[in-house]
Each structure stands twice: as structure tokens, then as C-alpha cells.
Amino acid sequence: MNYFPLLRKSKPLFLILLLAIVLLVAPPLYRALSSHTYKGIPAAAPKDIAPIRDLMHNQVHPEYTMLSFTIWHDRPLTPAKFTTIATSSQRLKQLSQDLNGYVSLFQQQGWGERDTRFFDEKRLQLGQVATELERAARKHDGAQVTSFFLHLEATCQSCHKRFRPDLS
Ligand code: HEC
């Protein structure tokens with residue numbers, strides 16, 4: 001059967017057909033194009049892993065506050081304070097490893113490739129900077145401690161800029 005003469009004659013029919021094609025193609029196209037955009041922090045977490053918000057609030061933030069207080073508001077740095085800084089940095093390094101558990105979880109819950117990769121890079125960066133900070137504290141190097149603490153702050157902020165923009 002040849003439909004084309006019919007289509008040429010019937011403009012409404014042609015338009016309906018065109019609309020049907022657009023409606024059919026639009027949703028998968030939209031999904032493909034928007035798959036890289038951030039979808040939010042998944043609310044559900046399995047029983048064996050705390051919501052990331054709790055980890056941040058109860059563990060990451062207290063170590064950060066301890067560092068900030070010791071470095072900025074409690075001058076001069078004494079050997080005991082360097083030890084405090086080294087201990088908190090070491091904790092942050094461990095916590096950056098705990099963050100690894102959320103990567104595959106968020107992926108399963110619908111995060112796209114770009115969010116997952118970004119999160120993982122920032123998580124690794126946190127571990128690296130915390131390692132440097134711990135090393136500087138163990139050497140009792142005040143200038144390096146200050147400099148790595150600034151890097152650490154920037155790392156927290158750069159991850160939040162994408163996932164919790166209200167924090168930075
Ligand atoms: C790898 C990414 C990443 C890094 C690095 C990171 N965070 Fe977070 N942080 C998050 C995410 C994601 C949330 C949002 C959790 C939510 O809203 O469910 C968050 C939330 C928070 C919150 C809010 C918790 C609440 O009660 O709502 C605090 C405070 C926080 N982070 C502190 C820090 C500090 C301090 C650092 C650096 C030492 C840091 N974070 C580094 C990803 C990160």
C-alpha cells in the first residue's frame with residue numbers, strides 16, 4: 001500500500017503522524033540528555049550503612065571543627081596540638097575511606113556517571129589532603145599545616161558545591 005499520496009493530500013494526517021513520532025522519541029531523548037545532571041542525595045540507605053548526612057554531621061564535621069579550632073584560634077601550635085591535628089587528620093583519612101561505601105550505593109540508586117565520578121574524585125582528594133596534613137603535623141611544620149588545612153577546607157567546599165550548595 002502506498003501511503004504517500006494520501007499524506008501529501010492530507011496535511012492533518014501528516015501533522016498527526018509527525019506529532020506521534022515526536023511524542024515517541026522525546027522521553028528517551030530527554031532521559032539520555034539529562035542523565036548527567038545531578039539527581040539529589042538518595043534518601044534511602046540500607047541498614048548497615050548510615051545516611052551520608054549522619055556521617056558528615058556526626059563524624060566528619062567534628063574532626064574538621066577540632067582542626068579549625070586548634071589551627072586558627074589556639075595559637076601557638078605546641079607539640080600537644082600537633083598531635084591533636086595529626087589524630088584528627090588520621091580520622092578524616094579513615095572517614096574518606098568510609099565514603100567509598102556510598103559510591104556504589106548512590107550508583108545503584110540512580111546517580112549518573114558524572115556524579116559518581118565527581119564524588120569519588122573528591123573523596124580520594126579528601127584522603128590525600130588529610131594524609132598530607134597528618135604528615136605535616138607529625139613533622140611539627142606549622143606553615144605546612146596551615147597550607148594543607150586550607151586545601152582541606154577547599155576540598156569540603158568543592159564537593160558540597162555540587163551536592164549541598166547551601167553549605168558552601
Ligand atoms: C566526597 C564529597 C564530600 C566531601 C569531600 C565532604 N562532604 Fe560533607 N557532604 C557531602 C554530601 C553528599 C552531603 C549531603 C548529605 C545530605 O544532604 O544528605 C554533605 C553534607 C555535609 C554536612 C551537612 C550535614 C547535615 O546535617 O545536613 C556537613 C556539616 C558536612 N558535609 C561537613 C563536611 C566537612 C567538614 C568536610 C571536609 C572535611 C566535608 N563535609 C567533605 C559530601 C562531601
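Values in this text are rule-based calculations from the coordinates and carry no lab data. This structure is a prediction, so every number in the text was calculated from the model and none was measured. Every residue, glycine as well, gets a Cβ built from its backbone with ideal geometry; the counts of neighbours run over all protein chains shown.
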Compute a Gaussian network model of the chain, connecting alpha carbons closer than 10 Å, and tell me which residue from R135, R91, R53 fluctuates the most. R53
Report, in degrees rounded to the nearest 10, the 0 to 90 angle that the Cα long axis of helix 11-34 makes with the longest principal axis of the chain. 10
Label model pair H61, D98: point-to-point distance (7 angstrom along the Cα→beta-carbon line) in nm is 1.4
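Give me the count of lysine pairs in the chain whose alpha carbons sit under 16 angstrom apart, restricted to pairs 8 or more positions apart or on different chains.
Numbers: K39/K161; K81/K139; K93/K122; K122/K161.
Number of lysine pairs found: 4.
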Report, by chain and number, residues whose modeled amide H sits under 5 Å from the one on G112, excluding near sequence neighbours (fewer than 5 apart, same chain). K39
Towards the positive end of the charge dipole of the chain, with charges on Cβ (+1 Lys, Arg; -1 Asp, Glu), say which of A143, F106, L23 has the farthest Cα. L23
Would you mind checking the tilt of helix 113-138 against the longest principal axis of the Cα atoms of the chain, expressed as 0 to 90 degrees and rounded to 10? 10
For the chain, the longest principal axis of the Cα atoms and the Cα long axis of helix 79-98 enclose an angle in degrees, to the nearest 10, of 20
With only helices counted (DSSP H, runs n ≥ 4, each -39500 (n - 2.57)), the per-residue ellipticity at 222 nm for the chain, to the nearest 500, works out to -23000 deg cm²/dmol
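Assigning unit charges at the beta carbon (Lys, Arg +1; Asp, Glu -1) and nothing else, what dipole magnitude in debye, to the nearest 20, does the chain show about its Cα centre? Can you show the working numbers first?
Values: 21 positive and 14 negative charges, 158 e Å.
Magnitude of the dipole: close to 760 debye.
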